[in-house]
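One structure is given here, and the rest of the page talks about it.
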Amino acid sequence: MSQPMDDTERLIANAEEELPPSTRSRLIAKLRMGHHIDEAARDLGVSPQRVFSTARILKPFGDQLDATLTAERDPNIPHGTVTGYNKRCRCPQCRAAVNRRI
């Protein structure tokens, strides 16, 4: 008799199903080609909110996403600021700046 999944396992399984490995890989590839996260996600049929939600649940993907967004960010934007976020930067520092204000 199998044990029912606990909440954490269910959360991970749902995240894997909603954003499977192939979609996550294609998203990272698009970001590395210079696409903005909003456009890359939309091209793959997912919302940016789903991407960031999955990144919080699946830590290895979240680390890869943050590293990619950091590597590909525009050096001319003031990162770690609300201004950077308003200029469409979604690197970890710009997202954190917005979250501090909320």
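Please tell me if Leu11 is of a type in the set (A, V, I, L, M, F, W, C), in contact with a Lys or Arg (Cβ under 8 Å, 6 or more places away or on another chain) and farther than 16 Å from Arg90 by Cα.
Here the answer is no, as Leu11 does not meet what is asked.
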Which residues, counting only those in segment 73-91, are within 17 Å of Pro48 (Cα to Cα) and either of a type in the set (Phe, Trp, Tyr) or surrounded by fewer than 17 Cβ atoms within 10 Å (Cβ to Cβ) (or both)? Tyr85, Asn86, Lys87, Arg88
May I ask you to verify whether Arg32 is in contact with an Asp or Glu (Cβ under 9 Å, 6 or more places away or on another chain), surrounded by fewer than 13 Cβ atoms within 10 Å (Cβ to Cβ), modelled with pLDDT of 95 or more and not hydrophobic (A, V, I, L, M, F, W, C)? yes
Suppose the filter is of a type in the set (Asp, Glu), closer than 21 Å to Asp74 by Cα and open to solvent by 30 Å² or more (accessible area, probe 1.4 Å); does Asp38 pass it? yes
Lone qualifier among Thr68, Thr54 - being crowded, with 18+ Cβ neighbours inside 10 Å, within 16 Å of Ser22 (Cα to Cα) and of a type outside the set (Phe, Trp, Tyr): Thr54
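Just for helices (runs of 4 or more DSSP H) wholly inside the chain: which have at least 1 residues that are in contact (Cβ under 8 Å) with a residue 24 or more places away in the chain?
In the chain, 7-18, 21-32, 37-43, 48-57, 59-71, 92-101 are the helices (runs of 4 or more DSSP H) which contain 1 or more residues that are in contact (Cβ under 8 Å) with a residue 24 or more places away in the chain.
Limited to segment 64-94, what total is found for residues that are among the polar types (S, T, N, Q) and on the phi > 0 side of the Ramachandran plot?
Here the count works out to 0.
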Out of (1) among the hydrophobic types (A, V, I, L, M, F, W, C); (2) open to solvent by less than 70 Å² (accessible area, probe 1.4 Å); (3) over 16 Å from the mean Cα position of the chain (by Cα), what's the single condition that is false for Leu11? (2)
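The values are calculated or read from the model by the stated rules, or taken from the named source; none is laboratory data. Bear in mind that the values here come from a model prediction, so they are computed numbers and not experimental data. Neighbour counts run over all protein chains shown; Cβ positions are idealised from the backbone, glycine included. When the accessible area is computed, the model is the full protein with side chains, heavy atoms only, and any ligands, DNA or RNA have been set aside. Shrake-Rupley method; radii C 1.70, N 1.55, O 1.52, S 1.80 Å.
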